[in-house]
Amino acid sequence: MEVVEEKGKVCVTGAGGYVGSWLVKLLLSNGYKVHGTVRDLSDEKNAHLRKFEKASENLQLFKADVLHYDTLKAAFAGCEGVFHVASPVPATKVLDPELELITPAVNGTLNVLQACLEMKIKRVIVVSSIAAVLLNPHWPFDKLKDEKCWSSEEFCRKIENWYCLSKTMAEHAAWEYAEKNGLDLVTVCPSVVLGPLLQPTASASSLFLIYATKGGPEPMLDYLWHFVDVRDVADALLLVYEKPESSGRYICAASPITIRELVDLLKGMYPNYGYQKNIVDVPPSAPLTSEKLKKLGWKWRPLEETLTDAVECYREAGLLDELEGHTLHLPPLFKVT
């Protein structure tokens, strides 16, 4: 029997979410004691967390909300590190961007950092997004987008991409606070996260892949998308936490592929689904690079493995079944202009 060295105690905000769940599982398997924040301790959608190996002795869940500062302090007590994963990712149309996205993302992140400072947390890892990288109209077309590239807040507002705006504002605010207060902060910017689900509800990115697989009425734009396996995101978060030399931002994006290429790849693997047919050509865009994270030692799965594990998970959960009278819609988050 393999004996895992016992590590310190860390906290994961948004422990019951897509990335949060895989991160909690990874941390437990690596010998960490984990505090996890959830909004409702009795909610069945968080029940899977208690079933993880070593959860009974090494996982403690806390009812906390990133907008309620005191609940965060209680969750962070006794921890050496904090992974701030909790942030709204909309699966439906955003009606009030300020209330639904911007305030929880920005104020929530600042509350987390302030609580970390007060509770003397040694290192904080904030999950940002390539949403805070991609939307830069001034970036040269022929230059790889690296960690120096930031989405333009002005441009995000102009095209009303509220999710990208919320993630950009939150990450800017995080860096400003950390630098002002001497907090050891690292941010990780994952691309579109795919792979198997641990939680009972489908994530927005899973709904995107389900839409591409089953097809639907809204067109999909043939952009160069970057995908990354949820398990590889968890690995990246632990890597940057444990490596003393990690610093700054890290783009976490493994597989660049257009929508047409993605659909063709899926068709070859699973020929019996309807697949998206209405795919609209768009001008090419500069790809992202994860070279900085690779130099730190990050490795990732082949896209085919991620897609296989994701589709098998969706099939088992009934997410690919045809429901009579039900029209599938593309999550608004992915209707990129």
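The values are calculated or read from the model by the stated rules, or taken from the named source; none is laboratory data. In this text the structure is predicted, and so the values were computed from the model without any measurement. All Cβ positions, glycine included, derive from the backbone under ideal geometry; neighbour counts span all protein chains shown.
Yes or no, residue by residue, for (1) closer than 20 Å to H84 by Cβ; (2) in contact with a Leu (Cβ under 8 Å, 6 or more places away or on another chain); (3) not in a strand (DSSP E or B):
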position: D235; (1), (2), (3): yes, yes, yes
position: S246; (1), (2), (3): yes, yes, yes
position: L265; (1), (2), (3): no, yes, yes
position: Y273; (1), (2), (3): no, yes, yes
position: Q276; (1), (2), (3): no, no, yes
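Could you tell me whether A310 is farther than 21 Å from T187 by Cα and of a type in the set (A, V, I, L, M, F, W, C)?
Judged against the criteria, A310 is a match.
Those residues that are within 30 Å of L320 (Cβ to Cβ), assigned to a loop (DSSP other than H, G, I, E, B) and at pLDDT 95 or above, I need them from region 176-199; list them, please.
Across region 176-199, the qualifying residues are S191, G195, P196, L197, L198.
Taking region 135-163 as the search range and keeping residues that are among the hydrophobic types (A, V, I, L, M, F, W, C) and either closer than 19 Å to V186 by Cα or touching a Gly at 6+ places or on another chain (Cβ under 6 Å) (or both), which one is surrounded by the fewest Cβ atoms within 10 Å (Cβ to Cβ)?
Per the stated criteria, the residue is W150.
Does R231 meet the test of being under 18 Å from I130 (Cα atoms), touching a residue at least 24 places away in the same chain (Cβ under 8 Å) and not aromatic (F, W, Y)?
yes
Which one of these is in contact with a His (Cβ under 7 Å, 6 or more places away or on another chain) and either farther than 22 Å from T103 by Cβ or touching a residue at least 12 places away in the same chain (Cβ under 8 Å) (or both): G182, G216?
Exactly one of G182, G216 is in contact with a His (Cβ under 7 Å, 6 or more places away or on another chain) and either farther than 22 Å from T103 by Cβ or touching a residue at least 12 places away in the same chain (Cβ under 8 Å) (or both), namely G216.
Given region 1-117, what helices (runs of 4 or more DSSP H) lie entirely inside it while holding 3 or more residues that are under 26 Å from K167 (Cβ atoms)?
Passing ranges, in order: 18-29, 69-76.
Tell me the residue from S290, S285 that is of a type in the set (S, T, N, Q), crowded, with 18+ Cβ neighbours inside 10 Å and more than 15 Å from A212 (Cα to Cα), please.
Checking each option against the conditions leaves just S290.
Residue under question is Y250, and the condition is that it be in a strand (DSSP E or B), under 20 Å from the mean Cα position of the chain (by Cα), modelled with pLDDT of 90 or more and closer than 27 Å to Y163 by Cα; does it hold?
Criteria met by Y250.
Would you check which residues across region 200-221 are surrounded by fewer than 20 Cβ atoms within 10 Å (Cβ to Cβ) and assigned to a loop (DSSP other than H, G, I, E, B) and list them?
Within region 200-221, P200, T201, A202, G215, G216, P217, E218, P219 qualify.
Exactly one condition in (1) over 26 Å from L183 (Cβ atoms); (2) part of a loop (DSSP other than H, G, I, E, B); (3) in contact (Cβ under 8 Å) with a residue 40 or more places away in the chain is not met by E312; state its number.
(2)
Inside region 118-134, can you point out the residues that are exposed (fewer than 15 other Cβ atoms within 10 Å of the Cβ) and assigned to a helix (DSSP H, G or I)?
E118 - this is the single residue of region 118-134 that is exposed (fewer than 15 other Cβ atoms within 10 Å of the Cβ) and assigned to a helix (DSSP H, G or I).
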